[in-house]
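Okay, so here's the structure we're looking at.
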Amino acid sequence: MYLQLFGLTVNLPAQIVGLIGLAVIAVSYQFRKVKYLVWSTIAMALFLAESCILSADSDTVTGIVINATAIARNLAMIAWAVKKKAELPPWLAAAFLAPMWAVCAFYFGAWYTYLPPVLQTVYTFCAVSRNDFVFRSGALVLESGNFFYNASVGAYIGVVRQIVLVTSVVVSIVTAARAGKREKAQAAALPDGAAEAADKKM
């Protein structure tokens with residue numbers, strides 16, 4: 001089913017699935033890491049479905065591969081966090097990226113065709129960091145870079161989506177920074193022994 005919107009032909013089923021995915025991932029950035037990973041994996045599954053639907057209209061191989069890579073990586077990160085109470089090792093994260101690069105290499109052309117795998121690589125290594133600020137900064141790089149990619153290929157609906165996601169990530173960074181300051185201030189106000197116990201919980 002197609003719809004004419006502002007002079008553009010829109011694949012309605014794909015856009016509905018994509019908008020649901022957008023809402024899910026925008027909300028996910030407001031959560032702590034493991035819960036974020038669960039929600040973002042659901043969003044990636046929706047984006048994968050969107051790419052598959054759009055494949056009838058255009059070549060979406062790179063989108064399919066990148067979303068599938070993100071789902072596999074997120075599931076590994078969730079399993080590692082739950083079972084081993086640790087971050088996924090960088091070498092294992094790199095193993096998930098290798099097949100993505102192998103496929104995307106066949107579709108490189110203009111400079112912006114390199115952006116999706118490069119952004120996904122930067123984000124992946126930031127995501128496996130123990131530092132929450134590094135993780136969220138990686139998300140900001142990913143979503144900001146996707147904004148420029150969509151603008152470069154003329155995907156104007158995608159541009160609007162990325163504005164929403166960049167805003168969501170910025171809000172999450174500010175919120176996390178404020179929460180961190182508040183926790184430090186509360187810990188500083190406690191007696192020495194209690195402060196040490198609080199630090200261990202954090």
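For this structure, a couple of remarks:
- Once region 174-202 is narrowed to residues that are of a type in the set (Lys, Arg) and modelled with pLDDT under 80, the residue that is nearest to residue 32 (Cα to Cα) is 201.
- Cβ-Cβ contacts under 9 Å between residues 6 or more apart (or on different chains), taken from a first residue in region 86-97 that is within 17 Å of residue 37 (Cα to Cα) to a second residue that is small (Gly, Ala, Ser) and loosely packed, with under 13 Cβ neighbours inside 10 Å, are listed as 88/79.
- Residue 130 being among the basic types (Lys, Arg), assigned to a helix (DSSP H, G or I) and either loosely packed, with under 14 Cβ neighbours inside 10 Å or touching a helix residue (DSSP H, G or I) at 6+ places or on another chain (Cβ under 6 Å) (or both): no
- Filtering region 45-88 to residues that are of a type in the set (Lys, Arg) and either within 16 Å of the chain's Cα centre (by Cα) or part of a helix (DSSP H, G or I) (or both) leaves 73, 83, 84.
- Among residues of region 33-74 being among the basic types (Lys, Arg) and touching a residue at least 40 places away in the same chain (Cβ under 8 Å), the one that is farthest from residue 120 (Cα to Cα) is 33.
The values are calculated or read from the model by the stated rules, or taken from the named source; none is laboratory data. As the structure is a prediction and not an experimental result, all values here were calculated from the model. As a convention, Cβ positions derive from the backbone with ideal geometry for all residues, glycine included, and neighbour counts pool all protein chains shown.
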